[in-house]
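Structure record follows, encoded as structure tokens.
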Amino acid sequence: MAAANENQKAQQPAKPSRFFAKREKVYPRSVKGRYRTLKWAAMVVTLAIYYLAPLIRWDRGPSAPDQAILIDLPHRRAYWFLIEIWPQEVYYLTAILIFAAIALFFVTSLLGRVWCGYFCPQTVWTDLFYAVENWIQGDRNARARLDKAPWTFTKIWKKLATHAVWLLIALATAGAFVFYFNDAPTLWRQIFALDVSPTVLWFMAGLTGSTYLMAGFAREQVCTYMCPYARFQSAMFDKNTMIIGYDADRGEPRGKHKKGDSWEGRGHCIDCTACVQVCPVGIDIREGLQMECIACGLCVDACNDVMDKIDLPRGLIRYDTEQNVENRRAGKPEEMKVFRPRSLYYTVVLVLIAGLVLYGQMTRKPFELHALHSRNPLYVRLSDGQISNGYEIKILNKTHSDAVYSLSLDGLQDYTIEMRGAGDLQADRLHVGADRVASFHIFVHALPQARTPADIRFALKDAATGETATYGSMFISGDGQ
Amino acid sequence: MSENDKKEIDQVSGIETTGHEWDGLKELNNPLPRWWLWVFYVTIVWSIGYWVVFPAWPVPSGATKGTAEWTQFSRLEKSQQDIAVLQAGYIENFKAAPFDRIMNDEQLYAFATAGGAAAFKDNCATCHGTGGAGGRGYPNLNDDDWIWGGTIEDIHQTLEFGARSGHPETRVSAMPAFGKDGLMSREDIATVVDYVANLPRQGHDLSSKGYDLFQKNCASCHGTEAKGNREFGAPNLTDGIWLYGGSKDTIYKTVYNGRSGVMPYWSGRLDDNTIRQLAVYVHSLGGGEKSEGTENGGSQRKPESPAAR
């Protein structure tokens with residue numbers, strides 16, 4: 001051991017120690033092929049959804065905004081087409097997030113990290129920024145040369161143009177983001193009238209900056225160092241998970257190949273490094289699956305292109321599974337196993353969550369009742385011998401029209417409901433405005449009950465529809481004194 | 001020592017290890033990403049900014065002040081000022097509004113009860129309790145048994161001038177000390193106390209001696225029916241709600257020694273708006289009664305109260 005160390009030390013003269021590893025800039029070469037086309041399509045679709053979705057209108061009547069997708073923070077509402085969520089129903093959001101996470105796990109267990117390669121915003125925007133770079137500065141070699149070149153006029157304007165376009169895209173990205181939280185047409189006019197609230201301005205500045213930084217500079221480092229998903233997605237992998245695989249059995253031993261030379265006794269990899277040049281995360285896939293790989297398939301396109309040129313079958317690098325590698329070695333046919341315990345239990349969980357959310361939404365009451373028993377004092381004895389209990393009644397009118405409700409209760413023989421408040425309040429005529437929460441302070445008067453506390457249940461009836469909502473509470477008679 | 005000084009190189013990766021070992025596992029001493037290191041440095045620089053701007057270093061007289069002169073006290077002061085500015089509009093409205101408008105205007109009413117609730121806890125809760133439930137000698141403000149009246153105007157007057165408070169306009173009355181001052185004999189007091197203590201349950205027994213004694217000595221204030229008189233602040237003796245307690249012993253003490261509890265006056269101690277807010281708040285606690293000639297804001301005073309049993 002010590003001897004080996006000495007040996008290595010002798011070979012590698014001690015480098016000055018540094019506290020950081022300098023990032024080696026990646027210059028991916030552009031490529032054409034099936035997966036590149038898929039990636040373009042995914043980019044167009046996801047960006048179109050992102051930029052255009054806030055513009056979709058959805059009529060909800062006069063008391064609610066007409067934007068299909070809107071998170072209305074000042075008014076504490078979230079809208080998504082037919083669905084409307086109040087702060088009390090934030091569990092829907094939780095369920096949707098859990099659903100999204102499990103869906104990611106499900107897809108990952110089947111297809112590997114395709115989310116990372118095709119749909120993740122980090123990938124999509126980085127890809128878009130690379131496209132801009134490619135358009136202004138030229139392909140891989142031209143860009144690397146330009147970086148090394150002295151600061152001539154050409155270099156300056158090319159760099160300036162690239163960063164200007166990047167910033168424009170970043171600004172548009174930030175601009176679209178704030179639309180999800182504000183009425184888009186109104187904000188649009190405000191932006192052009194330069195009359196935007198400081199909050200919106202801060203968010204736009206921050207998001208422009210982060211988009212520019214993440215997609216222009218951090219790029220693959222986000223996936224490698226920052227992203228937690230990237231790290232734990234390998235936990236969803238098994239032998240049947242699709243990964244980008246280099247067929248080492250077929251490719252090795254690799255080496256340069258001249259046209260007309262025999263393929264006997266050597267592998268099909270001609271060591272052209274096309275797969276390395278196109279890789280957006282800067283790895284060599286021939287070393288096997290690596291943590292950095294985002295399964296985008298660009299190396300597959302690059303290799304297939306080369307294989308076509310040298311008249312060998314495609315698929316030296318391809319979407320593959322470990323199981324298939326083993327099967328080929330054992331002379332068994334390839335197979336794609338979709339139904340595995342892992343995929344099955346992810347499916348079960350997904351169906352369960354989706355079912356719960358759907359059930360919750362379909363049985364969602366148009367109004368809600370809450371009753372909170374007053375605790376100070378718990379009960380009051382009145383001069384006629386009756387007992388009074390106070391309650392804070394909260395009515396959530398989730399409809400988009402004003403409503404009148406009548407409040408009654410079950411569990412007491414003879415009771416009256418008294419109210420204190422502004423105006424002539426009557427428990428059988430409670431007015432609650434559209435899309436509003438109203439609270440009322442009521443007093444229930446009844447003779448002392450045999451049981452204390454007695455279980456009671458308030459019932460709220462919508463005068464127009466006849467629908468009811470109930471809420472359990474108690475009536476406390478005390479010691480009857 | 002010399003063995004330990006040597007840096008150990010991992011055979012597989014060729015990277016130096018940190019030298020630590022956990023159950024046979026060793027950690028590679030990989031360098032950090034550059035962006036990470038820069039963020040780390042920036043946070044250090046940022047923290048220096050904190051030292052300069054905010055109170056930071058302990059010195060004999062407390063701590064360095066910081067260029068922003070920030071303290072929690074100044075922040076509190078600022079927020080109090082902000083609140084005062086916010087309130088100004090409401091207070092103007094409230095000042096101008098008479099009670100019957102406040103009792104019918106949702107916003108004014110909400111403003112009054114919110115302000116009243118806060119002022120109640122500061123000024124009234126000491127005697128009446130945080131929930132207004134009172135205690136021995138201090139009336140429960142949640143019930144409908146008012147000694148001086150339960151309309152918003154009555155409550156306001158009691159709040160403003162108090163009862164036996166020493167204010168020139170105070171509400172005043174006295175329960176005489178029948179025993180101590182020799183107005184009644186001990187036996188008669190015992191008889192009338194017996195009679196009064198049973199009133200809520202049994203009502204009037206016109207043939208009893210207690211009835212005669214009551215009519216002779218008590219009815220001038222408490223009324224022939226013993227239902228009290230709010231003009232004199234004489235409590236209703238038939239409703240089973242006792243300010244000092246309903247046992248015969250306690251009632252005996254009340255009759256023998258008299259009672260003269262004090263409700264302080266708040267006029268001049270609290271500003272008019274706060275007193276009016278308190279009146280609305282106390283009225284909202286449950287027992288508030290409707291004012292004469294108005295439709296809204298409370299229950300009608302029940303002329304006849306059926307006994308519990």
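The values are calculated or read from the model by the stated rules, or taken from the named source; none is laboratory data. These numbers were taken from a predicted model, which means no experiment stands behind them. A quick note on method: Cβ atoms are made from the backbone with ideal geometry, for glycine too, and the neighbour counts reach across all protein chains shown.
Among (1) within 30 Å of A:Asp384 (Cα to Cα); (2) within 14 Å of chain B (Cβ to nearest Cβ); (3) surrounded by 16 or more Cβ atoms within 10 Å (Cβ to Cβ), where does A:Ala454 come up short?
If we test A:Ala454 against (1) within 30 Å of A:Asp384 (Cα to Cα); (2) within 14 Å of chain B (Cβ to nearest Cβ); (3) surrounded by 16 or more Cβ atoms within 10 Å (Cβ to Cβ), just (2) comes out false.
Filter the stretch A:399-426 for residues that are within 13 Å of chain B (Cβ to nearest Cβ) and among the small types (Gly, Ala, Ser) and give the result.
A:Gly421, A:Ala422, A:Gly423 - these are the residues of the stretch A:399-426 that are within 13 Å of chain B (Cβ to nearest Cβ) and among the small types (Gly, Ala, Ser).
Go through (1) touching a residue at least 24 places away in the same chain (Cβ under 8 Å); (2) buried (at least 19 other Cβ atoms within 10 Å of the Cβ) for B:Ile91 and report which single condition fails.
Condition not satisfied by B:Ile91: (2).
Which one is farthest from A:Tyr391 (Cα to Cα) among residues in the stretch B:106-130 that are without any contact (Cβ under 8 Å) to a residue 40 or more places away in the chain and within 7 Å of another protein chain (Cβ to nearest Cβ)?
Residue satisfying both the conditions and the ranking: B:Glu106.
Could you grab me the full set of residues in the stretch B:52-105 that are more than 14 Å from chain A (Cβ to nearest Cβ), among the hydrophobic types (A, V, I, L, M, F, W, C) and assigned to a helix (DSSP H, G or I)?
B:Val52, B:Val53, B:Phe73, B:Leu76, B:Ile83, B:Ala84, B:Val85, B:Leu86, B:Ala88, B:Ile91, B:Ala96
What is the number of the single condition among (1) of a type in the set (Gly, Ala, Ser); (2) at pLDDT below 90; (3) more than 25 Å from A:Ala103 (Cα to Cα) that A:Ser234 does not meet?
A:Ser234 satisfies every listed condition except (3).
Scan the stretch A:367-398 for residues that are within 8 Å of chain B (Cβ to nearest Cβ) and under 30 Å from A:Glu84 (Cα atoms) and report the count.
Qualifying residue count for the region: 0.
Which ones in the stretch A:216-232 are part of a helix (DSSP H, G or I) and among the charged types (D, E, K, R)?
Across the stretch A:216-232, the qualifying residues are A:Glu220, A:Arg231.
Every residue in the stretch A:318-344 that is in a helix (DSSP H, G or I) and surrounded by 14 or more Cβ atoms within 10 Å (Cβ to Cβ), please.
Matches in the stretch A:318-344: A:Glu322, A:Gln323, A:Asn324, A:Val325, A:Asn327, A:Arg328, A:Arg342, A:Ser343.
A:Leu425: under 29 Å from B:Thr238 (Cα atoms) and more than 46 Å from the chain's Cα centre (by Cα), yes or no?
no
Run down B:Ser185, B:Ser220, B:Ser207, B:Ser247 and say which single residue is of a type in the set (S, T, N, Q), within 14 Å of chain A (Cβ to nearest Cβ) and out of contact with any Ser or Thr (no Cβ under 9 Å at 6 or more places or on another chain).
Exactly one of B:Ser185, B:Ser220, B:Ser207, B:Ser247 is of a type in the set (S, T, N, Q), within 14 Å of chain A (Cβ to nearest Cβ) and out of contact with any Ser or Thr (no Cβ under 9 Å at 6 or more places or on another chain), namely B:Ser247.
Quick one: A:Leu378 ticks every box in (1) over 30 Å from A:Asp462 (Cα atoms); (2) of a type in the set (A, V, I, L, M); (3) part of a loop (DSSP other than H, G, I, E, B) except a single one, so which number is it?
Condition not satisfied by A:Leu378: (1).
Being among the basic types (Lys, Arg) and free of Cβ contacts under 8 Å to residues at least 12 places away in the same chain narrows it down to one of B:Lys65, B:Lys26, so name that one.
B:Lys65
Could you figure out which of (1) outside any strand (DSSP E or B); (2) in contact (Cβ under 8 Å) with a residue 24 or more places away in the chain isn't true of A:Gly423?
(2)
Residue under question is B:Asn142, and the condition is that it be within 9 Å of chain A (Cβ to nearest Cβ) and in contact with a Leu (Cβ under 7 Å, 6 or more places away or on another chain); does it hold?
yes
Looking only at the stretch B:190-228, which residues are of a type in the set (Val, Ile, Thr) and under 38 Å from the mean Cα position of the chain (by Cα)?
Of everything in the stretch B:190-228, those that are of a type in the set (Val, Ile, Thr) and under 38 Å from the mean Cα position of the chain (by Cα) turn out to be B:Val192, B:Val193, B:Val196, B:Thr224.
Residue-by-condition table, conditions (1) within 24 Å of the chain's Cα centre (by Cα); (2) within 30 Å of B:Glu292 (Cβ to Cβ); (3) modelled with pLDDT of 90 or more:
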residue	(1), (2), (3)
B:Val45	no, no, yes
B:Ser61	no, no, no
B:Trp70	no, no, no
B:Ala84	yes, no, yes
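Quick check: is even one residue across the stretch A:394-403 touching a residue at least 24 places away in the same chain (Cβ under 8 Å) and exposed (fewer than 14 other Cβ atoms within 10 Å of the Cβ)?
Within the stretch A:394-403, one or more residues are touching a residue at least 24 places away in the same chain (Cβ under 8 Å) and exposed (fewer than 14 other Cβ atoms within 10 Å of the Cβ).
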